[in-house]
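For reference, the structure is listed below as structure tokens.
The values are calculated or read from the model by the stated rules, or taken from the named source; none is laboratory data. What you see is a predicted model, and the numbers here were worked out from it, not measured in a lab. Quick reminder, even Gly has a Cβ in these numbers, built from the backbone with ideal geometry, and neighbours come from all protein chains shown.
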Amino acid sequence: MHQLVSTPVETSRRWWVLATVVAAQFMFGVDAFIVNVAIPTMAVELKATAAEIEAVIAIYLIAYATLVVTGGRLGDIYGTRNVFVAGVAGFAITSLWCGLAQSGPELILARLAQGATAALMVPQVLATLHLLFSDAARARAFGIYGIVLGLAGAAGFMLGGVLVTLDLAGLGWRAVFFVNVPFGIIIIAAALRIMPTVPRRAGTRLDIPGAIVLFIGLLCLIGPLLFGHDVHWAAWVWLVMASGVAVIAAFVRLERAVARRGGMPLIELSLLSDAAFMRGLVAVFFFFFANLSFYLVMTMFMQKGLNIPPLQAGLVFVPLALTFVIASRHSGARARHRGTLVLIEGCALQIAGLAVLVATVETVTAPSALLLALVLMVFGYGQGLVMAPLSSAVLSSVKLASAGAGSGMYGTTTQIGNAAGVAAIGAVFFAVETAMSARVALLAACVLFVLSITICAAFLSWMRRAAA
């Protein structure tokens, strides 16, 4: 592993490898936003029910979250390049299937498969960065990664509206999935040509029982969070979530038993005793708990509370995404000089941005899309300061040999945070909106945003003091 990143040939072309893997991350990020824009058109053409359309989004998230640890571990076993190429190929094929779907249930199945292949592809991105950039260039590499995250959001919002509106070749919403196919082919060709090959570890195999138990546990834990509001949070929802917690606890015991027998557990058990890594994962959870749900609530508020058309509502986030990119470019240099403190500063800026948003909503009767776009730039800059350095800081204590396992656990934590935030903050928004107004619901959601970001900052401060 160490020879991989120290030879002159690999060092000279590692920036091209970086470009290849972050291109896949960009494709994944665009897909996350582009589908939301096209959802209403899909529902009409496929005659899909509301539950089916919700499942189109939810099943993808569940598949990805529950399988991303397995994807990371497969990268450790078979090599990041091999699993990365397989993941990109699978993502392109399942995207084609999504675009060809003829019914709601078929699209749900295709999205399930797409989420599973994304779980193979995405962990290899962070693992490759961790393997190839362990020197002074690490902050710059993760800064580029953060820039790509921001650009993917902006491109997803814009491209989704453009493809659906133009109806290229009469494809309509199907084009938002077909666009992944040519990009996937280009990424595969580049990866096969320039990505370094890591030999398979002799005598290792995937912990299949562990993968199944983890899938069931996280499915029970995350699924009810996503669908609970549809059944008014019935008692069985909480029972299923409690069973999910119990299954995950059993998963940890199973993994320890596998290790005692001399096998290779699905997760790196040593990471569970890494205090810095575990504290970092708690910060990651609360950061993503706040951030993805923010886009959901703001989109609903603009369309239902302010009657802003969907395409304009999507474009509101473009300046936010661009300030995110600018902040990501600055974050690498700032992180080298200020360490974890830059993450705390980013959280503070996000809270300030939310305060400006609340003040605007309270003082302006009907804020325009342009005004909201300008206000949200503060929030976007703070988000950009945190996201890329956060992944670098949390993974910094992980050994190179466990890069895939560490990035898989990181990816799972982000998706659990995303799902929990969308469910909890979304439930508050819809409940308050029903009883009062969208404006009051937005304010209530902002309170939860501030709380979660504050907890994130507290754990980051704890990490900073421990590292001092």
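Here are some notes:
- Residue in segment 152-163 that is among the aromatic types (Phe, Trp, Tyr), more than 30 Å from TYR381 (Cα to Cα), outside the structural domain of VAL316 (by TED's automatic domain parsing) and crowded, with 17+ Cβ neighbours inside 10 Å present: no
- Inside segment 184-205, residues that are modelled with pLDDT of 75 or more and outside any helix (DSSP H, G or I) make up a count of 2.
- Residue check, ALA444 hydrophobic (A, V, I, L, M, F, W, C), modelled with pLDDT under 85, within 25 Å of LEU151 (Cβ to Cβ) and in a helix (DSSP H, G or I): no
- Screening THR80 against (1) among the β-branched types (Val, Ile, Thr); (2) at pLDDT 85 or above; (3) buried (at least 23 other Cβ atoms within 10 Å of the Cβ) leaves a single unmet condition, (2).
- Any chance LEU306 is farther than 20 Å from ALA58 by Cα, in the same structural domain as ILE455 (by TED's automatic domain parsing) and in contact with a Pro (Cβ under 9 Å, 6 or more places away or on another chain): yes
- Selection status of ILE57, crowded, with 21+ Cβ neighbours inside 10 Å, outside any loop (DSSP other than H, G, I, E, B), touching a residue at least 12 places away in the same chain (Cβ under 8 Å) and within 19 Å of the chain's Cα centre (by Cα): no
- Among the residues here, ALA169 does not qualify as within 27 Å of ALA63 (Cα to Cα) and either surrounded by 16 or more Cβ atoms within 10 Å (Cβ to Cβ) or of a type outside the set (Val, Ile, Thr) (or both).
- Subset of segment 217-262 that is among the small types (Gly, Ala, Ser) and in a loop (DSSP other than H, G, I, E, B) - its residue that is farthest from the chain's Cα centre (by Cα): GLY262
- Any chance PRO209 is surrounded by fewer than 19 Cβ atoms within 10 Å (Cβ to Cβ) and modelled with pLDDT under 90: yes
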